[in-house]
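Working notes, beginning with the structure itself.
The values are calculated or read from the model by the stated rules, or taken from the named source; none is laboratory data. Keep in mind that what you see is a predicted model, and the values were worked out from it rather than measured. Every residue, glycine as well, gets a Cβ built from its backbone with ideal geometry; the counts of neighbours run over all protein chains shown. Each accessible area value is taken on the protein alone, full model and side chains, heavy atoms only, with ligands, DNA and RNA left out. Shrake-Rupley method; radii C 1.70, N 1.55, O 1.52, S 1.80 Å.
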Amino acid sequence: MKRLFIATFLPLLLSQSVAIAQTAPQQPAQPEKPAVSQAETAVNQQLPIVPLKGTDQIQLQVVNCNWVVDCLLANLFLPASTRLNQIELQLDNPALVPTKILNSAVSVQGALTHYPLPSSALSISPGDIAFPTQTITSVPLTLNRSAMPPEQYVGAIYLTQANQSNRLILPINLSVRSGPFLPLLVLLVGVILGRLFKYMQEQGGPQSQARKKVYQLEADIKEAHPADRKILLPMLRDTRKLVYRQQLEAADTQVTLIQSRLRLLNQLRAIEDQLYEKQKRTVSVEQETLDQIQQIQDARVLIAQGKDDEATTTLTEILKTASTEGRRGAADDSDADSDAMIVALRGAAINLDQSARNAITDVEKTEALTWNEQLQQSLVSVSGLSDQVRAEATFWFVRPLLYLVLLTGLTLAGLNTLYIEKGETFGARPMSDYLTLLLWGLSADVASRSLSGLQGQKE
């Protein structure tokens, strides 16, 4: 029993001592570190948003039109890109996780006048803008063109991205021009003024001189006796028509003729007044005096009828009678001025005769022109109506059409040169811009010879 007890418990005691000897001393407990997720590692490595080509450098040319006609002309003359109200900014998110734009700001200032555009002119929708992973996203940039005065604007768009310390900067270069209506109007006015200057040099000036003579003659006629005014004013109206029709030589001849008739009528009126005074001083009325008064009235009627040859003959008879009475009454002091009156009357008759000859020459020319017109009408009747229709169409349709086409072409040429091609900021300096248009129209002679030829054919 004793041997069995020792054999059983002795190995147990020996194994316990060996185990106690091999056990290491215990260390103090350390806090466990939290596990780092893959998503958090990707966020810490977030890449910046990349602007695509066209968005990295924003270049815009727009037009500021505020009313219907102006915008219709802009649609006609300018490309569609100048009428954009919104553009899309293309931004790429190359990261493996989505990101967003926290806020945005637009800062743009004029390069010529240093005018800062208000926030209502260029704006991006407020609030966060989400960018999915590895996706190109369009961000709308709104343009309020009516709030942009004509100018050359430079600046940038600033975008703040989540988990990025640096802002994304998009440079912008914006050119704004005024609407085309006012430049077109100023240019058209300049072209018309240029045509008026040319017209005044070639035709308007001589016509104005002729009208001046007519007005001076009209003032002289209004100072004459009412009966004489009644005779001469219809003649003056006919002369004014000649001036309006650019028949200046004929009008000048008629003015000279009417002036001679006016002087003659004034002399006849003076002789008639002397005869009436003579009747008042004498008891008996002489038949010769009555005959002279009747001859004066007959001469006045002949002048009113335009029968200058017969009027000249009647005046000659009056001169002969007045000369005879002048010699008989030379001893009378009351008739001392009769010789001077006779001399003046004789001069008026000579002037009237010369003017009448000039008028007869003009009448012969007019009659020859009328004969030519009758010959043309007969030729038209023989050849048919086609030539007549072509001539009338040329006068009433082709000539005005060509004139308008050339005038329109000249205006559009100036508009294309100074506004469409070189007017990206037209209106930023109104004084120089509009004055340039006006002077261009005044000095434009591209179609001056053609226009002058068309107007010259009208005469």
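Identify all residues within region 250-266 that are of a type outside the set (A, V, I, L, M, F, W, C) and within 20 Å of I318 (Cα to Cα); write none if there are none.
Those that are of a type outside the set (A, V, I, L, M, F, W, C) and within 20 Å of I318 (Cα to Cα): S260, R261, R263, N266.
Determine which member of the set Q109, Q152 is open to solvent by 50 Å² or more (accessible area, probe 1.4 Å) and either on the phi > 0 side of the Ramachandran plot or modelled with pLDDT of 90 or more (or both).
Among Q109, Q152, only Q109 is open to solvent by 50 Å² or more (accessible area, probe 1.4 Å) and either on the phi > 0 side of the Ramachandran plot or modelled with pLDDT of 90 or more (or both).
For residues that are open to solvent by 70 Å² or more (accessible area, probe 1.4 Å), in a helix (DSSP H, G or I) and of a type in the set (K, R), scanning just region 230-249, find the one that is nearest to T312 (Cα to Cα).
Checking each candidate, the answer is K230.
Identify, please: which residue in region 59-84 is polar (S, T, N, Q) and closer than 28 Å to A156 by Cβ and is, among those, least open to solvent (accessible area, probe 1.4 Å)?
Residue satisfying both the conditions and the ranking: T82.
Under 7 Å between Cβ atoms, at least 6 apart or on separate chains: pull out the pairs that start in region 401-412 with a residue that is open to solvent by 70 Å² or more (accessible area, probe 1.4 Å) and end on any residue that is assigned to a helix (DSSP H, G or I).
That search, which allows pairs on different chains as well, returns L402/L454.
Just wondering, is there one or more residues in region 213-228 that are at pLDDT below 85 and in a helix (DSSP H, G or I)?
yes
Return the only residue of V97, V69, V139 being of a type outside the set (G, A, S) and part of a strand (DSSP E or B).
Result of the check over V97, V69, V139: V139.
With the checklist (1) among the acidic types (D, E); (2) open to solvent by 70 Å² or more (accessible area, probe 1.4 Å); (3) over 30 Å from L418 (Cβ atoms) in hand, flag the one item E202 doesn't pass.
(3)
Quick test for you: out of V176, V154, V108, V69, pick the one residue that is touching a residue at least 24 places away in the same chain (Cβ under 8 Å), touching an Asp or Glu at 6+ places or on another chain (Cβ under 7 Å) and closer than 28 Å to E421 by Cα. Before you say what the answer is, go through the steps one by one.
Details: V154 fails: touching an Asp or Glu at 6+ places or on another chain (Cβ under 7 Å); V108 fails: touching an Asp or Glu at 6+ places or on another chain (Cβ under 7 Å); V69 fails: touching an Asp or Glu at 6+ places or on another chain (Cβ under 7 Å).
On inspection, the qualifying residue turns out to be V176.
Hey, does region 169-177 have a residue that's of a type outside the set (G, A, S), out of contact with any strand residue (DSSP E or B) (no Cβ under 9 Å at 6 or more places or on another chain) and under 22 Å from I58 (Cα atoms)?
So far as region 169-177 goes, no, none of its residues is of a type outside the set (G, A, S), out of contact with any strand residue (DSSP E or B) (no Cβ under 9 Å at 6 or more places or on another chain) and under 22 Å from I58 (Cα atoms).
Restricting to region 148-178, name every residue that is part of a strand (DSSP E or B), of a type outside the set (F, W, Y) and over 30 Å from S432 (Cβ atoms).
I157, L159, T160, Q161, L168, I169, L170
Select from region 112-129 the residues that are more than 30 Å from G427 (Cα to Cα) and surrounded by 12 or more Cβ atoms within 10 Å (Cβ to Cβ) and list them in ascending order.
Residue satisfying the conditions is I129 alone.
Out of the residues in region 120-147 meeting the condition of being small (G, A, S) and touching a residue at least 40 places away in the same chain (Cβ under 8 Å), tell me which one is farthest from Y434 (Cα to Cα). If you could, list the steps in order and put the result at the bottom.
At the first step, the residues of region 120-147 found to be small (G, A, S) are 120-121, 123, 125, 127, 130, 138, 146-147.
With the extra rule that they be touching a residue at least 40 places away in the same chain (Cβ under 8 Å), the set shrinks to 138, 146.
On the way: S138: 40, S146: 20 Å.
Per the criteria, the residue is S138.
Looking at the structure I just gave you, is A210 among the hydrophobic types (A, V, I, L, M, F, W, C) and surrounded by fewer than 16 Cβ atoms within 10 Å (Cβ to Cβ)?
no
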